[in-house]
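Heads up: the structure comes next, in structure tokens.
The values are calculated or read from the model by the stated rules, or taken from the named source; none is laboratory data. As the structure is a prediction and not an experimental result, all values here were calculated from the model. For neighbour counting, all protein chains shown are included, and Cβ atoms are generated from backbone atoms with ideal geometry for every residue, glycine included.
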Amino acid sequence: MRERTPVGSRKWKEITDFDLKVLSTVIIVLSLITISLFLYAFYLKMQKSQVDVVIREVNPNTQPPVETTINTATQTLVIVESATEVATDITEPTITVSTDVSSMTNITGQASTVQLGQPIVVVTPEPTESAASANEATQSTQVDENKYLKDLTKFDYDLLVSRMAENLPEGTFYLYTVDGETALKIAKKTQNYVIDRGSGGKYYVVTTKNVMPDLKSSNAFYTIKTNVITDSKEAFKSVVNLRTVGISAFSVTTKGGYSICMGIFTSENEARDFYYGQDWTELSKYATVKGAAVSRVGG
């Protein structure tokens, strides 16, 4: 009787062609499945990394741009958008104002004179001669506050004299004859002022700008004027020393240098009375007073 050999114990050389075909088929099928899975995974990865990005041009006249960062599977994208466009996707219509008077018979309810989607056009007419003159007059009255008198609330003549200008530029002057409180208001409006005592409790204030146009002013006054001094330091020293002896002194710039002026007077007689009341020999010890004489300043 012939003995059977179990299938599992057959030797390799006993494997048939059928067995090889089955094994090959299994290997091929597994390979195809593996390749398919790999391709499908790659496809999903590519789909995930594809992001539609629209980079909008930023108008420099709009608000600062907004940056949005998007992280994908393969890269980091930065989207720059205008802040105005991010806030709203609806473009509001703008209006073009026509400058043609004949086409603007009645702007209210007339759609024919309004165009949507166009920028607003503002037409500024050229100022007329009278308007230009008024503008210049307004600018001439604009003054800077005197920071040295900002906290002063009560009129103090000696303090105003100590803080008035040492030098005034040659040009137009404005003379105000006012009371003490008004004099303080004028002095607070400009640093280029000089002040002196007048008669009857009044004060004379001279400025280089019409800082109080609502008050009546004069463009000329009298003073005691010296010869021209070329040395600015000598002029400054003379002004300071004359003030220490009670004289309201200042200098006026001229083409050749500086002229020392002593006192402010509204009439020639007032100026002469002051001139003859001074000891010029004594004053010459403190300041340069050579050629001192009654002079008219301004127009």
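Worth pointing out:
- Out of ILE195, ILE247, ILE224, one residue alone is of a type in the set (Val, Ile, Thr), under 19 Å from VAL294 (Cα atoms) and either free of Cβ contacts under 8 Å to residues at least 40 places away in the same chain or part of a loop (DSSP other than H, G, I, E, B) (or both). It is ILE247.
- Check on ILE186, among the hydrophobic types (A, V, I, L, M, F, W, C) and closer than 22 Å to GLU270 by Cβ: yes
- Pair list, Cβ < 8 Å and 6+ apart or interchain, from region 144-173 residues that are more than 17 Å from SER248 (Cα to Cα) and free of Cβ contacts under 8 Å to residues at least 60 places away in the same chain to residues that are among the hydroxyl-bearing types (Ser, Thr, Tyr) and in a loop (DSSP other than H, G, I, E, B): ASP144/THR190; ASN146/THR190; GLY171/THR208
- Enumeration of residues in region 227-238 that are touching a Phe, Trp or Tyr at 6+ places or on another chain (Cβ under 6 Å) and assigned to a helix (DSSP H, G or I): ALA235
- One residue from LEU175, LEU160 being modelled with pLDDT under 95 and either crowded, with 17+ Cβ neighbours inside 10 Å or in a loop (DSSP other than H, G, I, E, B) (or both): LEU160
This table checks each residue for (1) farther than 21 Å from ASN192 by Cα; (2) in contact with a helix residue (DSSP H, G or I) (Cβ under 9 Å, 6 or more places away or on another chain); (3) modelled with pLDDT of 95 or more.
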residue: TYR222; (1), (2), (3): no, yes, yes
residue: THR244; (1), (2), (3): no, no, no
residue: PHE250; (1), (2), (3): no, yes, yes
residue: THR253; (1), (2), (3): no, no, no
residue: PHE265; (1), (2), (3): no, yes, yes
residue: THR288; (1), (2), (3): yes, yes, no
residue: VAL294; (1), (2), (3): yes, yes, yes
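- Selection count, region 203-221, where residues are hydrophobic (A, V, I, L, M, F, W, C) and either crowded, with 22+ Cβ neighbours inside 10 Å or in a helix (DSSP H, G or I) (or both): 4
- Qualifying residue in region 180-199 (condition: touching a Phe, Trp or Tyr at 6+ places or on another chain (Cβ under 7 Å), of a type in the set (D, E, K, R) and crowded, with 22+ Cβ neighbours inside 10 Å): yes
- Positions within region 262-299 being surrounded by 15 or more Cβ atoms within 10 Å (Cβ to Cβ), free of Cβ contacts under 8 Å to residues at least 60 places away in the same chain and outside any helix (DSSP H, G or I), in sequence order: MET262, GLN278, TYR286, ALA287
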